[in-house]
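The values are calculated or read from the model by the stated rules, or taken from the named source; none is laboratory data. Source: prediction; values computed, not measured. Cβ placement follows ideal geometry from the backbone for every residue including glycine, while neighbour counts extend to all protein chains displayed. Note: accessible area is taken over every heavy atom of the protein model, side chains too, but ligands, DNA and RNA are not part of it. Shrake-Rupley method; radii C 1.70, N 1.55, O 1.52, S 1.80 Å.
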Amino acid sequence: MDFQLTEEQRQVRDMCRDFAAKELAPNARRWDLNHEFPRDAVKKLGELGLMGIAVPADLGGAGMDNISYALAMEEISRGCAGTGVIMSVSNSLFCDPVMKYGTDEQKKTFLAPYASGEKLGAYALTEPQSGSDAAEIKTVAVARGDEYVLDGSKNFITNGPQADTILVFAMTDKAKRHKGITAFLVPTDAKGFTRSKPDDKVGIRASGSCSLYFEGCAIPKRNRLGAEGDGFKIAMGTLDGGRIGIASQALGIARAGYELALAYAKERKAFGQPISQFQAIQFMLADMATELDAARLLVWRAAWMKDKGVRHSTESAMAKLYASEMCERVTSRGIQIHGGYGYTKEYDAERHWRDSRITEIYEGTSEIQRLVIAAGVLKD
Ligand code: CAA
């Protein structure tokens, strides 16, 4: 067993740390307050190869491994959590399935421009009445000549307001339940496609999410990803990778909250000494540091398994469950250490805590992660 990063992994981590310090952290509070999409920063992420990190170089990506992806996600999310999820959706939920299941023609059209950040992708599974119960989707796709015609709606779609193409899951055969779901690459300039205004969210406000509407939305048959009926497995397998991205995002948010609290504890004085000298604060910092490291080890293991090409559903769910709940605890303690100041917008402690909450919900709630883990351990 080797806990040392390779030279390439250290380089990508340091590059992302530097980029986040210079280009993301100084703007993150403004983007959050204004609900502003960081268009220029996302363009630069593309130029740095960070929108398709594990996509081979000849397909427009950076050709790196998933440990590098986890490292990059942690650093970028430490600078700005909203930017982190924009990047995670591009890498894990769009480029990864196109790379895995796409035809050569699909890869040409839907991979290179997305992995290089020229265009943006999104992933649409969730519907108003089916979030956790993903097989219950109502959006339908009917084959008609050379086309599929989509009708229905999706909601809470991250990158939805800005996406150029969206990976959409729809029912092609309702009677077959999850075996009747099919995946489609839907360009957002398709006729019959519209989207709502962006959602007004509690956290990760630099990233946009919205509802999508399909009304007689016709797309060419060549835009089907995988075979008819393969959609549910594509959706679930894709989320196994996506959960590594969100767990890494949670790591980055937690580290931002922890480092802020650590610095504040050394500087803030009470009863004649810095509060870091009190055991009550020291114990909080000790727990925060330990939990951060524990989460990182789970994340790296899941990423390592993905690189090895072995099924990692249970390990990804463990990483996502632990890292997201750790993130909420750590950022909440960060507020506690800041006392009253932590509850104001003067300090970033409250933003990190707001950003933490969604990591326990999207790409599968903590409850869903526990179901996936239980299924895994009962099978063993
Ligand atoms: N990989 C491959 N196949 C898988 C799989 C995986 N990870 N998980 C399940 N499957 C297969 C099963 O083997 C089974 O196959 P067979 O029919 O051939 O036996 C089939 O899929 C059905 O499996 P289940 O019976 O376990 O399915 P279920 O209907 O009970 O659902 C669930 C399981 C875990 C609850 C699933 O519905 C789930 O993960 N729900 C949460 C959905 C979710 O995470 N949504 C997030 C939306 S995306 C998002 O949030 C993006 C964003 O904005 C950032």
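The table for this structure:
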read-out: Whichever residue in segment 224-235 is open to solvent by 10 Å² or more (accessible area, probe 1.4 Å) and in contact (Cβ under 8 Å) with a residue 60 or more places away in the chain and, among such residues, is nearest to ALA134 (Cα to Cα); value: PHE232
read-out: Residues satisfying the stated conditions in segment 91-120, i.e. open to solvent by less than 20 Å² (accessible area, probe 1.4 Å) and within 12 Å of the ligand (Cβ to nearest atom); value: ASN91, SER92, LEU93, PHE94, PRO97
read-out: Which listed residue is at pLDDT 95 or above and on the phi > 0 side of the Ramachandran plot, from PHE169, PHE232, PHE156, PHE193; value: PHE156
read-out: Some residue of segment 317-332 being within 16 Å of the ligand (Cβ to nearest atom), more than 29 Å from TYR264 (Cα to Cα) and open to solvent by less than 40 Å² (accessible area, probe 1.4 Å); value: yes
read-out: Any hit, segment 264-281, residues being outside the structural domain of GLU105 (by TED's automatic domain parsing) and within 16 Å of the ligand (Cβ to nearest atom); value: no
read-out: Per-region count, segment 345-361, residues in contact with a helix residue (DSSP H, G or I) (Cβ under 7 Å, 6 or more places away or on another chain) and either within 16 Å of the ligand (Cβ to nearest atom) or not acidic (Asp, Glu) (or both); value: 10
read-out: Filtered residues of segment 126-182 (kept if open to solvent by less than 30 Å² (accessible area, probe 1.4 Å), in a strand (DSSP E or B) and among the hydrophobic types (A, V, I, L, M, F, W, C)); value: ALA141, VAL149, LEU150, ILE157, ILE166, LEU167, VAL168, PHE169, ALA170, MET171, ILE181
read-out: Segment 148-164 residues that are farther than 18 Å from GLY216 by Cα, paired with ones that are of a type in the set (Phe, Trp, Tyr) and open to solvent by 30 Å² or more (accessible area, probe 1.4 Å) (beta carbon under 7 Å, 6 or more apart); value: GLN162/PHE37
read-out: Hits in segment 1-58 (condition: open to solvent by 20 Å² or more (accessible area, probe 1.4 Å) and among the β-branched types (Val, Ile, Thr)); value: THR6
read-out: Pairs with Cβ under 8 Å, 6+ apart, first in segment 124-143 and within 14 Å of the ligand (Cβ to nearest atom), second open to solvent by 60 Å² or more (accessible area, probe 1.4 Å) and in a strand (DSSP E or B); value: THR126/PHE156; GLY131/PHE156; THR139/ASP151
read-out: Those residues of segment 246-286 which are crowded, with 20+ Cβ neighbours inside 10 Å and of a type in the set (S, T, N, Q), in sequence order; value: SER248, GLN249
read-out: Qualifying positions in segment 59-88 - within 16 Å of the ligand (Cβ to nearest atom) and either assigned to a loop (DSSP other than H, G, I, E, B) or surrounded by fewer than 24 Cβ atoms within 10 Å (Cβ to Cβ) (or both); value: CYS80
read-out: Lone unmet requirement of (1) surrounded by fewer than 20 Cβ atoms within 10 Å (Cβ to Cβ); (2) out of contact with any Pro (no Cβ under 7 Å at 6 or more places or on another chain) for PRO198; value: (2)
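The rows are residues; the columns are (1) touching an Asp or Glu at 6+ places or on another chain (Cβ under 7 Å); (2) within 30 Å of VAL377 (Cβ to Cβ).
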site: GLU267; (1), (2): no, no
site: ILE275; (1), (2): no, no
site: LEU292; (1), (2): no, yes
site: ALA303; (1), (2): no, yes
site: ASP307; (1), (2): yes, yes
site: HIS312; (1), (2): yes, yes
site: SER316; (1), (2): yes, yes
